[in-house]
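The values are calculated or read from the model by the stated rules, or taken from the named source; none is laboratory data. Keep in mind that this is a model prediction, so the values were computed, not measured. Because the Cβ atoms are built from the backbone with ideal geometry, glycine has one as well, and the counts that use them run over all protein chains shown. Quick note on the areas: whole protein, heavy atoms, side chains included, nothing else; ligands and nucleic acids left out. Shrake-Rupley method; radii C 1.70, N 1.55, O 1.52, S 1.80 Å.
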Amino acid sequence: MTPDLDQLRADLLAAIDASAGVDALEAVRVHALGKQGAITGLLKTLGALSPEERQTVAPGIHALREAVTTAIGARKADLEAKALAAKLASERVDLTLPVDRAAPGGVHPVSQVMDELAEIFADLGFAVATGPEIEDDWHNFTALNIPETHPARAMHDTFYAQPRRPQGEQRASAAGGAEAPSDDGGSATGAPQSARAGQSPSPSDGAGAPPAGPEQDRTAQRFVLRTHTSPVQIRTMMTQQPPIRIIAPGRVYRSDSDATHTPMFHQIEGLVIDRGIHMGHLKWTLETFLKAYFERDDIVLRLRPSYFPFTEPSAEVDIGYTLEKGRRVVGGDPAKGNGGWMEVLGSGMVHPKVIAACGLDPDEWQGFAFGTGVDRLAMLKYGMDDLRPFFDGDLRWLKHYGFAALDVPTLSGGVGA
C-alpha cells in the first residue's frame, strides 16, 4: 500500500510552523526524523520493495525528508532570532559603569629592597656581581681563611651537597663497573683554577688532606649550599684585575629556623679592592649607604671591634634607634636617651691571606668588605617583626607589605617611595 506522502508532508510542515518554541520544534523533529519517526519508518520499508517499486516510491520519501529537514532548520533559526531579539529588548547594558579591574600583581619586599640597594650602590660606583649557589668547599670556606675546625663548617650549620664522582669513576659506573665508595669529604671534579697563571691558591680539600700546590688540581672537594655570598668576592678577585668595587646580592643557606632565621635567606655583601684603602673609606661608605636606604640624615653609626676570619680588623656595625610608641625606629643618637643600638652589618678590612689566596699581592692591594641580611633590612625599614611570612606565600601579607610593579626605586624620588 503506497503511503499518502502529500498528506504527511502537509501535516509535518503545519506542525513545524505551529511550533511556539525550540523545545516544541524538537518534538516535531523527533516525531518525523527520530529512530521511531514517521519518515524514518517509511525509509525502512524500502528494503522490502522490489527494485521497480523502489524506483517509484523512494524519490518521494527522500524528497519528503529533505523538505521537512529544511523547514525545521529555517524554523529553528527564526525562533532563535526572535528569542535573541526579545532578550536584547528586555536587558540593558549600562556602558557608563566602570569595568572590573583585574587584581594587580605585587613586588615582594625582598625584591624591592634588592632593587633599592642596587640603586644606592650603583650611585656609589659599585657593580653587581653574582655566583653559583652550590659552591665548593674552597671558595666557600678555605679561600676566606676559615679554618677546618671553624663551627661554620659543621654539618648542623651547613648544607652539604651529595658529592660527585670523578669522571673516571662515572665512566666505569656507566659501563657496569663497581662504584667506588667516597670518603667523608666526598669526591668531585677539581675546583676552578686561578685566572692568573702561576698564582693558584693552596687550599686543603676540606677532609684533612694536605694543601695542594700551584701545579695541582683541587680535587676531592666537598660541595655546599653557599652559606654567604662571600664566594662571589673570591671569584671576582680571581678573575678581575683591581680596582674592584662590587656588591654581591643573592640567596644563601644555613641550617637554622625560627622567628628571625630561616634555612634560606638573602644577603648582600660589598667589596672594594684598591691601593691605599683604609677603615675611613669603609665607615664613610656604610654611613652613606645607611642614610640613603633608611632615608634619614640622623643615622648614627657605631663600629664595635669583632672577629671574622676573612677580615682584619673586623667590626660589627650598629646604628642608633629611638623608641616611638613602644617600637624601635631607626635614627637618632642613643647618647641623648630614649633609644639604643641595634646591629645591622658585619664589616672589616679584607684579610691579607684572603687577598693572597686570590693571587693578589696584599702589600700592594688593600680593601674592605661588609655584609648584611636583605630580609633583616626589609624588616627594619618596613616594620615587620617575623621573618617566616616572607616565605609563606600568603597573598594577604604580600598585599599589605608588597609594592606596585612600577614602584621602581630612585634616589631622586626616594628609594622607598
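Between Ala102 and Ala405, the modelled labels are 0.8 nm apart [label points 7 Å from Cα along Cα→Cβ]. Set Lys and Arg Cβ to +1 and Asp and Glu Cβ to -1, take the dipole of the stretch 296-361 about its Cα centre, and tell me which of Thr311, Val354, Ile299 lies farthest positive. After comparing all options, I get Ile299. Between Glu52 and Arg296, residue separation times 0.36 nm minus the direct Cα-Cα distance comes to 77.2 nm. For Leu43 and Val93, the FRET efficiency from 1/(1 + (r/R0)^6), where r spans their Cβ atoms and R0 equals 41 Å, is about 0.25.
Name the trypsin sites (Lys or Arg not before Pro) in the stretch 226-292 that are in a loop by DSSP and that have at most 14 other C-beta atoms within 10 Å, would you?
Answer in residue order: Arg275.
With charges set only on the Cβ (+1 for Lys and Arg, -1 for Asp and Glu), what does the dipole of the stretch 3-85 come to about its Cα centre, in debye to the nearest 20?
About 220 debye.
Spin-label model, Arg304 to Arg328: label points 7 Å out along the Cα-to-beta-carbon direction sit 1.1 nm apart.
Largest to smallest in accessible area, the residues Asp136, Asp11, Asp333 fall in the order Asp11, Asp333, Asp136 (1.4 Å probe, all protein chains included). With every protein chain in place and a 1.4 angstrom probe, the accessible-area ranking of Ser412, Ser347, largest first, reads Ser412, Ser347. With the charge dipole of the stretch 24-133 set up from +1 on Lys and Arg Cβ and -1 on Asp and Glu Cβ about the Cα centre, the Cα lying farthest toward the positive end among the listed residues Leu43, Leu79, Ala27 is that of Leu43.
The residues of the stretch 3-85 present an accessible area of 61 Å² per residue when probed at 1.4 Å with all protein chains retained. Counting other Cβ atoms within 10 Å, which trypsin sites (Lys or Arg not before Pro) in the stretch 1-51 have at most 12 and lie in a DSSP loop? For trypsin sites (Lys or Arg not before Pro) across the stretch 1-51 that sit outside H, G, I, E and B with at most 12 neighbouring Cβ atoms in 10 Å, the list reads Lys35.
Between Lys35 and Lys82, how high is the FRET efficiency from 1/(1 + (r/R0)^6) when r is the Cβ-Cβ distance and R₀ = 22 Å? Nearest 0.05.
It comes out at approximately 0.15.
If you wrap the tightest convex hull around every Cα atom of the stretch 268-417 and split its volume per residue, you get 155 Å³. Net charge of the neighbourhood of Asp394, taken over other residues with C-beta under 12 Å away and scored Lys/Arg +1, Asp/Glu -1, is +1. Heavy-atom accessible area with a 1.4 Å probe sorts Thr288, Thr56, largest first, into Thr56, Thr288.
In the stretch 3-85, the alpha-carbon atoms span a convex hull of 72 Å³ per residue. The Glu119 and Val22 beta-carbon pair, evaluated with R₀ = 60 Å, returns a calculated FRET efficiency of approximately 0.40. Label sites at Met279 and Asp363, each approximated as a point 7 angstrom past Cα along Cα to Cβ, lie 2.5 nm apart. Using equal-weight Cα scatterers in the Debye expression, the normalised intensity of the stretch 1-48 in log10 at q = 0.21, 0.22 Å⁻¹ is -0.74, -0.79.
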